[in-house]
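What follows is one structure encoded as C-alpha cells, with my remarks underneath.
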Amino acid sequence: MSARLDTMPRYRRMTAQDLDVVMATEAAVYPYPWTRGNFSDSLTAGYHCWIVERAGEIAGYTVVAIAAEEAHLLNLSVARPWQRQGLGRELLEFVLKLSRDFSARVILLEVRPSNVAARALYATAGFSEIGVRRGYYPAGEGREDAVVLQLALQR
C-alpha cells in the first residue's frame, strides 16, 4: 500500500515567516534551544536552511553551512509528534544529498554525548568520531562537551 500523499514529506527553503513555528519546535525538543537570532543569522548568511513538511505542518528542519568542499551540519530537528517515524533519518539523507550537490566532500557536526538518539542516527549513517570540543554546550550543571563527527561523502 502506498503512503498517503498528505503525509509524504515536502522540502522547501526556510523563511523568516517560519521562525515562530521553528522556535516553538526548538523549545519543545531541546533543553537549550537555538535562539531566534541563530536562525535569523543563518538565513541572512545564506546557509542552507530547509523545512520538511508533513500533513501540511512543519515536521522538521535543518541548517547546513557548505563552503570549500566541506559541509557543517549545524541543526537537524524533528518536531515531537513526528519523532520515531524515520523522519530524522530521511532529513539526514536530504542533508547528505544537498551537501554532495554543492560539492562537499565531507560533512562535520557536533552532538551532545547525552543525545543518544542522535548519536545512534549518525552512527548508522556512517559518521565517525574525530574529536571532542570541551565545554561546548550549556548544561544544567555548567557545560557539556560536544562529540565531533565526520562523514566522507561519496559522489
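The values are calculated or read from the model by the stated rules, or taken from the named source; none is laboratory data. Everything numeric here is computed off the predicted structure, so don't read it as measured data. In this analysis, Cβ positions are derived from the backbone assuming ideal geometry, glycine residues included, and neighbour counts consider all displayed protein chains. Each accessible area value is taken on the protein alone, full model and side chains, heavy atoms only, with ligands, DNA and RNA left out. Shrake-Rupley method; radii C 1.70, N 1.55, O 1.52, S 1.80 Å.
Cβ-Cβ distances below 9 Å connect the following pairs, each with a first residue in segment 31-49 that is within 14 Å of L73 (Cα to Cα), a second residue that is open to solvent by 70 Å² or more (accessible area, probe 1.4 Å) and outside any helix (DSSP H, G or I), and a separation of six or more residues or different chains: H48/R13; H48/F102; C49/R13. The requirement of being at pLDDT 95 or above, touching a Lys or Arg at 6+ places or on another chain (Cβ under 7 Å), assigned to a loop (DSSP other than H, G, I, E, B) and open to solvent by 20 Å² or more (accessible area, probe 1.4 Å) is fulfilled nowhere in segment 14-25; no residue meets it.
When A152 is tested against (1) over 23 Å from V29 (Cα atoms); (2) aliphatic (A, V, I, L, M); (3) in contact with a Leu (Cβ under 7 Å, 6 or more places away or on another chain), just one condition goes unmet, and that condition is (3). For segment 121-144, how many residues are without any contact (Cβ under 8 Å) to a residue 60 or more places away in the chain, open to solvent by less than 70 Å² (accessible area, probe 1.4 Å) and within 18 Å of N75 (Cβ to Cβ)? The qualifying residues number 5.
Here the strands (runs of 3 or more DSSP E) wholly within segment 36-99 that include at least 1 residues being basic (K, R) and open to solvent by 20 Å² or more (accessible area, probe 1.4 Å) are 48-54.
Considering only residues that are open to solvent by 30 Å² or more (accessible area, probe 1.4 Å) and at pLDDT 95 or above, look in segment 146-155 and name the one that is nearest to V63 (Cα to Cα). Looking at the filtered set, the residue picked out is Q150.
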